[in-house]
Amino acid sequence: MKKAQNYFQSKGETLYLLKSKEAEQYMRDAANTDYVSCYRKIGSEGLFQTLVECSKQQQLGFEIETLLEFDTDEFLKGKTAFIGVISVNDDQEKDFVAFMLNRNLGITLLGHVTKGEFRVDGKSYGFVQDYA
């Protein structure tokens with residue numbers, strides 16, 4: 001078993017948001033499982049800053065889509081009901097999604113990890129080195 005990190009591991013990982021306290025508790029308790037590569041609680045500065053922090057260690061980026069029920073600024077920088085970000089690789093994804101859905105633990109598809117650029121709704125927000 002490997003320990004989930006608080007940073008993205010590699011390009012191509014799929015990103016999910018956690019919504020429920022039960023899902024967060026599972027992630028905390030199961031940090032040593034092979035279900036996830038990265039788990040990080042969304043900080044007080046919001047989702048965007050949390051994603052930036054997850055990207056820095058390996059000099060990676062992300063491409064995400066905001067949710068229609070939120071204003072883009074509110075979604076990226078404000079307080080939402082989402083409490084954590086998860087990344088999973090191709091080998092983990094099927095088992096992770098099945099596990100979460102079978103237990104009714106709230107997850108929402110967010111996007112994926114990229115080579116180094118930060119993109120939101122198709123718009124560039126710069127590169128990881130711009131946020132050093």
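The values are calculated or read from the model by the stated rules, or taken from the named source; none is laboratory data. As the structure is a computational prediction, the values presented were derived from the model and not from experiment. FYI the Cβ positions are ideal-geometry reconstructions off the backbone, even for glycines, and counts take in every protein chain you see.
Cβ-Cβ below 7 Å, separation at least six or inter-chain, first residue in region 112-132 and under 13 Å from Ser10 (Cα atoms), second in a loop (DSSP other than H, G, I, E, B) and of a type in the set (Lys, Arg): which pairs? Qualifying pairs under 7 Å: Val113/Lys11; Thr114/Lys11; Lys115/Lys11.
Pick from region 90-105 the residues that are loosely packed, with under 13 Cβ neighbours inside 10 Å and polar (S, T, N, Q): which of them is nearest to Thr72 (Cα to Cα)? Taking the candidates together, the pick is Asn104. Screening the candidates Thr72, Thr108, Thr80, Thr114 for the property of being among the hydroxyl-bearing types (Ser, Thr, Tyr), surrounded by 15 or more Cβ atoms within 10 Å (Cβ to Cβ) and at pLDDT 90 or above yields one hit, Thr114. Taking the listed residues Glu45, Glu63, Glu22, Glu53, the one that is assigned to a helix (DSSP H, G or I), of a type in the set (D, E, K, R) and modelled with pLDDT of 90 or more is Glu53, with no other qualifying.
Residues of region 98-107 include at least one that is in contact (Cβ under 8 Å) with a residue 60 or more places away in the chain, over 18 Å from Asn6 (Cα atoms) and of a type in the set (D, E, K, R). When the criteria are applied in full, Gln58 meets the requirement of being over 10 Å from the mean Cα position of the chain (by Cα), within 15 Å of Phe118 (Cα to Cα) and part of a loop (DSSP other than H, G, I, E, B).
Could you go through region 19-33 and let me know if any residue there is under 24 Å from Gly116 (Cα atoms) and of a type outside the set (Asp, Glu).
Looking through region 19-33, none of the residues is under 24 Å from Gly116 (Cα atoms) and of a type outside the set (Asp, Glu).
Suppose we filter Ala81, Ala98 for residues that are among the small types (Gly, Ala, Ser), farther than 10 Å from Tyr35 by Cα, assigned to a helix (DSSP H, G or I) and out of contact with any His (no Cβ under 7 Å at 6 or more places or on another chain); which single one remains? Result of the check over Ala81, Ala98: Ala98. Would you be able to tell me the number of residues in region 39-56 that are touching a residue at least 40 places away in the same chain (Cβ under 8 Å) and over 12 Å from Ser87 (Cβ atoms)? So the count comes out to 6. Checking each residue in region 38-69 for being hydroxyl-bearing (Ser, Thr, Tyr) and surrounded by 15 or more Cβ atoms within 10 Å (Cβ to Cβ) picks out Tyr39, Thr50, Ser55, Thr66.
Quick one: is Arg28 modelled with pLDDT under 95, exposed (fewer than 14 other Cβ atoms within 10 Å of the Cβ), outside any loop (DSSP other than H, G, I, E, B) and not acidic (Asp, Glu)? So Arg28 fits the description; yes.
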